[in-house]
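Here is the structure we will look at.
The values are calculated or read from the model by the stated rules, or taken from the named source; none is laboratory data. Just so you know, these numbers come straight off a predicted model, no measurement behind them. Cβ placement follows ideal geometry from the backbone for every residue including glycine, while neighbour counts extend to all protein chains displayed.
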Amino acid sequence: MILPILTIAPSPKRGRGVFATEAIPSGTTIEISPVLVLNEQERVEVEKTLLYDYIFEWGETGKQCCVALGYVSLYNHSYEANCDYQMDFAHSLICIITVKNIAAGEELFINYNADPEEKKKVWFETK
C-alpha cells in the first residue's frame, strides 16, 4: 500500500526522492511495503554491489538484510526526518509513518539510523 498522494521526483543533490502531493498529518501511515529477506551469506554478496546503499538490516540480530519494494528504498536520509520506518519481521513488511506534519510538495525523509532522533553518522558520511 502506497498512498496515491506520494510521488517520486528529483531531489536536490540527492538524486530521486519521495514527495507529498498533498498535506499529510503527523502519525499517518503512508506506505506499507513487502520486503525480500536475504540471509547472512546473501547479504555479504549484495554488499559488494550497488544495492548496498539500498538494503536494510533485517531480523532480531541484524545479520540478515532486506530489499524493500515499493518506494521505501527511495526515501532520502535526514537527521531531521519527518517520517519513521517500522519493520515487521513476522510479516516481512516495512511501514513508513509520518512523525511531523507534511506540507504539499515537501520531500519525505527517514533517518537511516532507524530512529528519527539519532544523530550518529551514517555509512556514506564516514567514507
Please indicate, with yes or no, whether at least one residue in segment 30-42 is at pLDDT below 95 and either part of a helix (DSSP H, G or I) or among the small types (Gly, Ala, Ser) (or both). no
Here are the criteria: (1) in a strand (DSSP E or B); (2) surrounded by 14 or more Cβ atoms within 10 Å (Cβ to Cβ); (3) of a type in the set (S, T, N, Q). Tell me which single one residue 86 does not satisfy. (2)
Selected residue (only one of 40, 47, 31 is surrounded by 14 or more Cβ atoms within 10 Å (Cβ to Cβ) and touching a strand residue (DSSP E or B) at 6+ places or on another chain (Cβ under 8 Å)): 31
Counting only residues that are under 13 Å from residue 95 (Cβ atoms) and small (Gly, Ala, Ser), which one in segment 50-78 is surrounded by the most Cβ atoms within 10 Å (Cβ to Cβ)? 68
